[in-house]
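What follows draws every value from the coordinates through simple rules; no lab data is involved. On a predicted model such as this, the values are computed, not experimentally measured, just so you know. Using ideal geometry, Cβ is built from the backbone for each residue, glycine included, and neighbour counts are taken over all protein chains shown.
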Amino acid sequence: MASQIAHIVYAKRYLEKFPSNEIDRDEFLLGCVFPDIRRVAENLTRKDTHMAFEPIDLNFTGLTSFQAGWKFHLYCDMKREEILNQYGFYKLTADNGKFWQSSKMLEDELLYDVYNNWEKLVHYFNNAPVAQSPQGVSKESFALWYAIVARYIEKKPDNKAMQLFISKQAMFQKDSSVIMKKVDELRKDSRSVEILKRVVEEIV
């Protein structure tokens with residue numbers, strides 16, 4: 001599982017490696033950060049957003065560009081864990097239950113400079129086409145999630161931006177300080193940083 005900046009960079013790498021006239025780039029990127037909307041949307045579970053396609057692979061036949069991006073997110077969540085486990089990432093430090101989220105935030109920081117058109121994406125997310133909102137997701141929740149993501153990706157995330165982003169998500173609010181402390185610890189661990197940087201190179 002990755003956070004939003006990482007998912008966007010993964011998508012960029014995929015679209016560069018496998019260009020397709022059948023995929024709208026903007027809608028694909030919109031879809032690739034959609035599944036985590038469950039953190040702010042009412043009545044949505046992880047099952048609703050992360051178990052929507054079977055099998056989870058890179059076959060996007062019959063899907064809209066938004067749905068393809070959504071499915072790509074799920075594939076990357078699965079593949080990222082395979083890569084991290086392959087390199088023994090989770091054995092590097094004792095997991096206090098917040099380690100996994102901290103690694104996501106640090107990965108966002110490490111990958112931010114790989115993408116070079118954040119301004120356009122910020123504008124697009126701030127004006128996300130609600131027509132793409134899947135059934136069961138209110139227009140208000142859809143717009144709110146993309147506004148939160150747009151604010152987060154405006155600039156390379158520092159501790160303040162990371163903490164603001166996770167504080168907008170109810171499941172992390174009470175633990176945001178613990179998560180950020182863990183981010184600081186991971187930054188100082190060269191092996192952890194090395195492994196996190198490898199993910200984007202191997203994920204597609």
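Listing for the model above:
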item: Where Rh is the Kirkwood radius over Cα pairs, Rg/Rh for the chain; result: 0.94
item: For the chain, built as a Gaussian network whose Cα springs stay under 10 Å, the top-fluctuating residue of K12, K181, K91; result: K91
item: Fraction in percent of alpha-carbon pairs per bin - 5 Å, the stretch 125-204; result: 3, 13, 16, 16, 19, 17, 10, 5, 1
item: Inter-label distance for K120 and Q173, nm, one decimal - labels placed 7 Å from Cα along Cα-to-Cβ; result: 3.7 nm
item: Nearest-0.05 FRET efficiency for K197 and L58, computed from C-beta distance (R0 30 Å); result: 0.85
item: Helical contribution to [θ] at 222 nm, DSSP H n ≥ 4, -39,500 (n - 2.57), averaged over the chain, rounded to 500; result: -18000 deg cm²/dmol
item: Sequence of C32, C76 once ranked by neighbouring C-beta atoms within 10 Å, starting from the fewest; result: C76, C32
item: Helix runs (DSSP H) in the chain reaching 15 Å along axis by Cα, Kyte-Doolittle at least 0.0; result: 139-152
